[in-house]
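Here is the structure we will look at, set down as structure tokens.
The values are calculated or read from the model by the stated rules, or taken from the named source; none is laboratory data. Predicted model only: the values in this text are computed from it and were never measured. Neighbour counts run over all protein chains shown; Cβ positions are idealised from the backbone, glycine included. Areas reflect the complete protein model, heavy atoms only, side chains present, ligands, DNA and RNA absent. Shrake-Rupley method; radii C 1.70, N 1.55, O 1.52, S 1.80 Å.
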Amino acid sequence: MTDTTTRTSVVPNFDDDTETDRKLAIICSKGNLDMAYPGLILANAALGEGIETHLFFTFWGFDMITKSRMNDLKFSPVGNTAMHMPMGDVRVPQALAPIPGMQPMATKMMKKQIADLGVPEVPDFLEQIVASGGHLWACRMSADMMKLDESDLYDGVEAIINASDFIEKTNGAQLLFI
Amino acid sequence: MPVTTINSRDIHVDDEGFLTEYDEWDEELGKVLATNIGIDLTDEHWAVIRFLRDDYKTQGETATIRRVTTLSGVPTKQLFVLFPKKPAKKMAYVAGLPKPHGCV
């Protein structure tokens, strides 16, 4: 490492004296445990950087904000040829993936790994996102299909809105579809 | 490694300005660091900063927002009020610690 010596005061540039109009919109369309996390982690990271963040929950992603299901998302090795054991490269043969007991075991293992990293479960994670100023929106069509209304949804969800409302709210945002 | 002068003392920092030597920090210096980024420290700020300092000593890494909220009891919302917009990085800077490296 080269030694550089400077006598002027080095202060981190937090870039927050100028108002940024950066905005992030994340569409969460999956209800598997493993696919719930990417959106939550990115939303949380964006909020920590001072970026206005909106999450839109649609189709199976609706399970992430449905009170009766949000605690119980599952992870399955079925159809996931990349799945291997946490340590080493031991893979589950696809023929064994659907056997009874495999899904609960895989879910339990993944939940433990996530908890070991100090990463919260889905409801706690949503709470943290809301506390950090994030906006949660539920998809109108999904609510209608599943016959759910706001009383069935996590309290932090601001409203059930349709696709056009979401597009309007996220004008100018960078968008991720997960 | 750059050396900067804060309060007429030589302080080791990384390229962005975060302190790299745990023991070069004291509360007087913390006040100067806070002023550098436009924060007036209150007792609430100090509670968070002291938690971060103690936690780093035992854990060897800077606590994330999640950890601060869970263990110190200061709500996440309040952290955003105390250290606006980028609480994780700002608390770390004032506490003389590296940026947290965890995702959550």
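Segment B:40-104 and segment A:122-166 have Cα centres lying 29 Å from one another. Think of a 1.4 Å ball rolled over the protein heavy atoms: the protein assembly as shown then has 53 Å² of accessible area per residue.
Treat segment B:1-98 as a sphere of radius equal to its Kirkwood radius over Cα pairs and apply Stokes-Einstein at 37 °C in a medium of 0.692 mPa s; give the translational diffusion coefficient in µm²/s, rounded to a whole number.
244
With contacts taken as Cα pairs under 8 Å at a separation of at least 6 residues, chain A carries a relative contact order of 31 percent. Restricting attention to segment A:60-178, lysine pairs at least eight places apart or on different chains and with alpha-carbon atoms under 21 angstrom apart total 6. Based on DSSP H segments of at least four residues, each scored -39500 (n - 2.57), chain A has a per-residue ellipticity at 222 nm of -9000 deg cm²/dmol. The residue among B:G60, B:V48, B:I11 whose Cα reaches farthest toward the positive pole of the charge dipole of chain B, with charges on the beta-carbon of Lys, Arg, Asp and Glu, is B:V48.
Taking other residues whose beta carbon is less than 13 angstrom from the beta carbon of B:A47, and scoring Lys, Arg as +1 and Asp, Glu as -1, yields -3.
For segment A:1-154, the share of accessible area belonging to carbon and sulfur comes to 58 percent (1.4 Å probe, ligands and nucleic acids excluded).
For B:T58, the solvent-accessible surface with a 1.4 Å probe is about 110 Å², rounded to the nearest 10. Backbone phi angles across segment B:89-104, fed through the Karplus curve with coefficients 6.51, -1.76 and 1.60 (θ = phi - 60°), yield HN-Hα couplings of 6, 5, 5, 4, 4, 5, 7, x, 10, x, 4, x, 9, x, 6, 10 Hz in residue order; Gly and Pro are listed as x.
Between A:N171 and B:D15, the simple spin-label model (points 7 angstrom out along Cα→Cβ) gives 3.9 nm. Summing Cβ point charges (Lys, Arg +1; Asp, Glu -1) relative to the Cα centre of chain A gives a dipole of roughly 860 debye. Assuming charge only on the beta carbon of Lys and Arg (+1) and of Asp and Glu (-1), the dipole of chain B about its Cα centre is about 600 debye to the nearest 20. Taking both sides together, the accessible area buried where B meets A is about 2500 Å² for a 1.4 Å probe. By accessible area, using a 1.4 Å probe on protein heavy atoms only, segment B:1-49 has 44% of its surface on carbon and sulfur. Other residues whose C-beta falls under 14 angstrom from the C-beta of A:M85 contribute a net charge of +2, scoring Lys and Arg +1 and Asp and Glu -1. Once backbone amide H atoms are built at 1.01 Å from N, A:A159 has A:A138 as its partners under 5 Å, excluding neighbours fewer than 5 places away on the same chain. Compared with its chain on its own, segment B:80-104 contains the following residues whose accessible area drops by 30 Å² or more in the full protein assembly (probe 1.4 Å; ligands, DNA and RNA excluded): B:F80, B:K85, B:K86, B:K89, B:K90, B:Y93, B:C103, B:V104.
Quick one: work out the % antiparallel among DSSP beta bridges in chain A, nearest 5.
So the antiparallel bridges in chain A amount to around 10 percent.
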